[in-house]
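Participant: Quick one: the structure is below, and I'll ask about it shortly.
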Amino acid sequence: MKSIPNAPGVGLRLAHLAEMVATRPLTGWLEIHPENFLANPHAAELITELSASYPISLHTVGISVGSASGVGRLHLKRIRAFADKIHPLLVSGHLAWSTYGNEYLNDLLPLPFNDETLRVVTAHVDEVQDALGRSYLIENPASYVGFRSSTIPETEFLSEIVHRTGCQLLCDVSNVMVSAHNMGFDAYQYIDDFPAAAIQEIHLGGYTPEEDEATPGNDLWIDTHAAAIAEPSWDLYAYALRRFGPKPTLIEWDNEIPPIGTLLGQADYARKIAQGVTKGVGEPANV
């Protein structure tokens, strides 16, 4: 059985699918959004073919563990059937909500971190893991607003989800940078406080600065996945590897998608940073 290697991989989007099948470039592994394939039989055939050559992980965007109205059981059933075909090594999703009743929103919306939310999220993570028949990885969010009703620090909230459900975690390092800038906390302290033993995967993606209309002269960092990974995120990634040890790392790029070679180049840069950390210097050599 394949395992997700520590060599970095790339997020495979439909724009690059045919090229990946035709050229089979060297990369550690591939991660896909299964929702892009559920209603696209041809794409599903191609990713099934690729799964024989690359380790695959699924990163869900439609499983809404934070929704008060519950997770979609039909959607879970479809994800399970798809996973049973391609045998992913990891399945992950977001600490967020994106559905209300039968309405699906094209956003990952924030949650207050308190006891009531914790009960909702843990019940839904249990349901997701039971339905999928495997462990589910929860990703830390990119934050733009906070809630007065939040009473639990985010890293403690994640740790308690792990404790109550047995799930695992996906640490999105770029989300940490975005949230730290927007919410005014120390990104490096967040990494220090993150429940490291539960981490099975790291994400890196680009963000976009935009003017904050509520406070002219200031900017928000938006998790657009529409640009190259910024230098502060690379620095925090090196720090995270020193804290967590080697972890499978994934390059995300979802908007204004460049040629596949650009993603592979970012993955190679991540590999060099990881090599530098392993050698004890924390920086890539000869980049």
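Participant: Look at the stretch 238-274 and say how many of its residues are out of contact with any strand residue (DSSP E or B) (no Cβ under 6 Å at 6 or more places or on another chain) and not in a helix (DSSP H, G or I).
Facilitator: Adding up the residues that qualify gives 9.
Participant: Continuing with this model, one more query. Can you pull out the residues in the stretch 31-43 that are out of contact with any helix residue (DSSP H, G or I) (no Cβ under 7 Å at 6 or more places or on another chain), touching a residue at least 24 places away in the same chain (Cβ under 8 Å) and not charged (D, E, K, R)? Don't jump to the end; show me each part of the working.
Facilitator: Taking the stretch 31-43 and keeping what is out of contact with any helix residue (DSSP H, G or I) (no Cβ under 7 Å at 6 or more places or on another chain), we get 31, 33, 35, 39-42.
Applying the additional criterion that residues be touching a residue at least 24 places away in the same chain (Cβ under 8 Å) yields 31, 33, 35, 40.
Within the stretch 31-43, His33, Asn40 qualify.
Participant: Output the qualifying pairs, or none if there are none: Cβ atoms under 7 angstrom, residues six or more apart or on different chains, first residue in the stretch 231-259 and closer than 17 Å to Leu170 by Cα, second residue surrounded by fewer than 17 Cβ atoms within 10 Å (Cβ to Cβ) and among the hydrophobic types (A, V, I, L, M, F, W, C).
Facilitator: What qualifies is Arg243/Ala196; Phe244/Ala196.
Participant: Residue check: is Val21 at pLDDT 95 or above, over 20 Å from Leu90 (Cα atoms) and not charged (D, E, K, R)?
Facilitator: yes
Residue by residue, here is whether (1) in contact with a Gly (Cβ under 9 Å, 6 or more places away or on another chain); (2) of a type in the set (A, V, I, L, M, F, W, C) holds:
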position	(1), (2)
His16	no, no
Ala22	no, yes
Pro34	yes, no
Glu49	no, no
Val65	yes, yes
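Participant: Only one residue in Ala238, Ala198 is crowded, with 16+ Cβ neighbours inside 10 Å and within 17 Å of the chain's Cα centre (by Cα). Which one? Outline the logic, then answer.
Facilitator: Values: Ala238 fails: within 17 Å of the chain's Cα centre (by Cα).
From the options Ala238, Ala198, the qualifying one is Ala198.
Participant: Which is of a type in the set (Lys, Arg) and either within 20 Å of Phe244 (Cα to Cα) or out of contact with any strand residue (DSSP E or B) (no Cβ under 7 Å at 6 or more places or on another chain) (or both), of Arg134, Arg148?
Facilitator: It is Arg148.
Participant: Considering only the stretch 111-124, I want to know if a residue exists there that is loosely packed, with under 15 Cβ neighbours inside 10 Å and β-branched (Val, Ile, Thr).
Facilitator: No, because not a single residue in the stretch 111-124 is loosely packed, with under 15 Cβ neighbours inside 10 Å and β-branched (Val, Ile, Thr).
Participant: Restricting attention to the stretch 6-22, and to residues there that are in contact (Cβ under 8 Å) with a residue 12 or more places away in the chain and exposed (fewer than 15 other Cβ atoms within 10 Å of the Cβ), which single residue is farthest from Val277 (Cα to Cα)?
Facilitator: Top of the filtered list is Ala18.
Participant: If you don't mind, there's one more thing I want to ask. Counting only residues that are within 28 Å of Ile222 (Cβ to Cβ) and modelled with pLDDT under 95, give me the strands (runs of 3 or more DSSP E) lying completely in the stretch 33-142 with at least 2 of them.
Facilitator: Per the criteria, 97-100, 103-109.
Per-residue answers, yes or no, for (1) of a type outside the set (D, E, K, R); (2) at pLDDT 95 or above:
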residue: Glu210; (1), (2): no, no
residue: His225; (1), (2): yes, yes
residue: Ile251; (1), (2): yes, yes
residue: Leu264; (1), (2): yes, yes
residue: Ala270; (1), (2): yes, yes
residue: Ile273; (1), (2): yes, yes
residue: Val287; (1), (2): yes, no
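Participant: For the stretch 194-216, give me each residue that is small (Gly, Ala, Ser) and not in a strand (DSSP E or B).
Facilitator: Our first condition is that a residue be small (Gly, Ala, Ser); within the stretch 194-216, this holds for 196-198, 205-206, 214.
Ala196, Ala197, Ala198, Gly206, Ala214 - these are the residues of the stretch 194-216 that are small (Gly, Ala, Ser) and not in a strand (DSSP E or B).
Participant: Anything in the stretch 174-195 that is within 22 Å of Arg271 (Cα to Cα), of a type in the set (A, V, I, L, M, F, W, C) and surrounded by fewer than 17 Cβ atoms within 10 Å (Cβ to Cβ)? List them, or say none.
Facilitator: Matches in the stretch 174-195: none.
The values are calculated or read from the model by the stated rules, or taken from the named source; none is laboratory data. Computed from a predicted model, the values in this text were never measured in an experiment. When we count neighbours, we look across all protein chains shown, and the Cβ atoms used for this are built from the backbone with ideal geometry, even at glycine.
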